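Let me begin by presenting the structure, written as structure tokens, before commenting on it.
The values are calculated or read from the model by the stated rules, or taken from the named source; none is laboratory data. Predicted model, so just to flag it, every value in this text is computed and none were measured. Here the Cβ is made from the backbone with ideal geometry for all residues, glycine too, and neighbour counts use every protein chain on show.
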Amino acid sequence: MEQKDIENLRQDYAAASLSEKDVDANPIKQFDKWFNDAINAKVHEPNAMTLATATTDGRPSARIVLLKGFSDDGFKFYTNYLSRKGKELAKNPNAALVFFWGDMERQIRIEGTIEKLDKWYSEKYFHSRPKASQISAVASPQSREIESREALEEHIVKLEAEFGDGEIPKPSHWGGYIVKPRMIEFWQGRRSRLHDRIVYKKVDNKNWKIVRLAP
């Protein structure tokens with residue numbers, strides 16, 4: 001395979017700057033501002049985020065999931081509790097999230113602890129999804145080996161016939177999580193790799209300390 005000149009791939013950033021004087025005292029309000037900036041800039045799937053988890057002996061894994069809500073309590077997403085990430089979170093309830101909006105030269109990193117959402121929230125969100133997505137959640141044994149794509153699709157056809165126009169019950173193994181942040185970093189790309197990094201560190205249940213990190 002031909003080796004590309006990867007070492008010389010680089011991009012100089014000059015779109016904006018970020019100062020401690022400019023950010024909100026509340027990191028969730030600052031996230032809301034940047035998130036709305038991403039929506040207004042028509043970033044493709046601005047709610048796509050990397051979710052990193054780890055086993056109890058420290059072996060990490062990461063994947064893209066979709067943010068489905070945020071508040072002062074934390075950041076919400078939904079998945080299969082029996083998936084690899086679900087099993088890791090059951091034993092090690094620490095997680096990290098990363099948003100990267102390349103066109104805006106911005107990144108947000110979040111670290112915190114994770115909890116399952118109340119069943120009511122999971123039920124409500126599950127039934128708000130398109131019916132095909134509901135059936136997929138029932139049909140897919142996420143992260144486990146399967147016989148073939150054809151077998152999975154045949155199972156979906158059977159479930160579509162079984163449920164018809166009726167309500168599809170939410171599987172007990174499917175639902176929501178909330179990441180409760182203890183650290184949130186806002187990264188703004190700058191020229192010559194002298195990036196701006198503003199970090200919020202949780203001091204207590206209500207207050208945050210704001211610091212700047214070297215790029």
* Hey, could you check the stretch 1-38 for residues that are farther than 30 Å from LYS206 by Cα and of a type in the set (A, V, I, L, M, F, W, C) and say which is modelled with the lowest pLDDT? => MET1
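When you scan the stretch 46-58, do you find a residue that is surrounded by 14 or more Cβ atoms within 10 Å (Cβ to Cβ), polar (S, T, N, Q) and part of a loop (DSSP other than H, G, I, E, B), even just one? Before you say what the answer is, go through the steps one by one.
Here is the first cut: in the stretch 46-58, the residues surrounded by 14 or more Cβ atoms within 10 Å (Cβ to Cβ) are 46-54.
Pick out the ones that are also polar (S, T, N, Q) and you get 47, 50, 53.
Filter once more, keeping what is part of a loop (DSSP other than H, G, I, E, B): 47.
Checking the stretch 46-58: at least one residue is surrounded by 14 or more Cβ atoms within 10 Å (Cβ to Cβ), polar (S, T, N, Q) and part of a loop (DSSP other than H, G, I, E, B).
Out of curiosity, is PHE99 touching a residue at least 24 places away in the same chain (Cβ under 8 Å), in a helix (DSSP H, G or I), hydrophobic (A, V, I, L, M, F, W, C) and crowded, with 17+ Cβ neighbours inside 10 Å? Walk me through how you get there before you give the answer.
Working: touching a residue at least 24 places away in the same chain (Cβ under 8 Å): yes; in a helix (DSSP H, G or I): no; hydrophobic (A, V, I, L, M, F, W, C): yes; crowded, with 17+ Cβ neighbours inside 10 Å: yes.
In short, no.
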* Is it the case that LYS76 is touching a residue at least 60 places away in the same chain (Cβ under 8 Å) and among the basic types (Lys, Arg)? -> yes
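Please work out if ILE110 is of a type outside the set (Asp, Glu), more than 27 Å from PRO169 (Cβ to Cβ) and at pLDDT 95 or above. Give the derivation first.
On the way: of a type outside the set (Asp, Glu): yes; more than 27 Å from PRO169 (Cβ to Cβ): yes; at pLDDT 95 or above: yes.
So ILE110 passes the test.
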* Could you tell me which residue of the stretch 69-93 is surrounded by the most Cβ atoms within 10 Å (Cβ to Cβ), considering only residues that are out of contact with any strand residue (DSSP E or B) (no Cβ under 6 Å at 6 or more places or on another chain) and part of a strand (DSSP E or B)? => THR79
* **the stretch 26-44, residues that are more than 18 Å from PHE75 (Cα to Cα), hydrophobic (A, V, I, L, M, F, W, C) and exposed (fewer than 14 other Cβ atoms within 10 Å of the Cβ)** => ALA41
* When the residues of the stretch 34-45 are filtered to those that are part of a loop (DSSP other than H, G, I, E, B) and not small (Gly, Ala, Ser), which remaining residue is nearest to the chain's Cα centre (by Cα)? -> GLU45
* Structure fact -> Checked pairs for the stretch 190-215, first farther than 17 Å from ALA14 by Cβ, second of a type in the set (D, E, K, R) and part of a loop (DSSP other than H, G, I, E, B), C-beta under 8 Å and 6 or more apart or across chains, list as ILE198/GLU20; ILE210/GLU20; ARG212/GLU20
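In the list ILE156, ILE168, ILE146, which residue meets the criterion of being in contact (Cβ under 8 Å) with a residue 24 or more places away in the chain and aliphatic (A, V, I, L, M)? Working first, answer last.
On the way: ILE156 fails: in contact (Cβ under 8 Å) with a residue 24 or more places away in the chain; ILE146 fails: in contact (Cβ under 8 Å) with a residue 24 or more places away in the chain.
Step by step, each of ILE156, ILE168, ILE146 is checked, and only ILE168 is in contact (Cβ under 8 Å) with a residue 24 or more places away in the chain and aliphatic (A, V, I, L, M).
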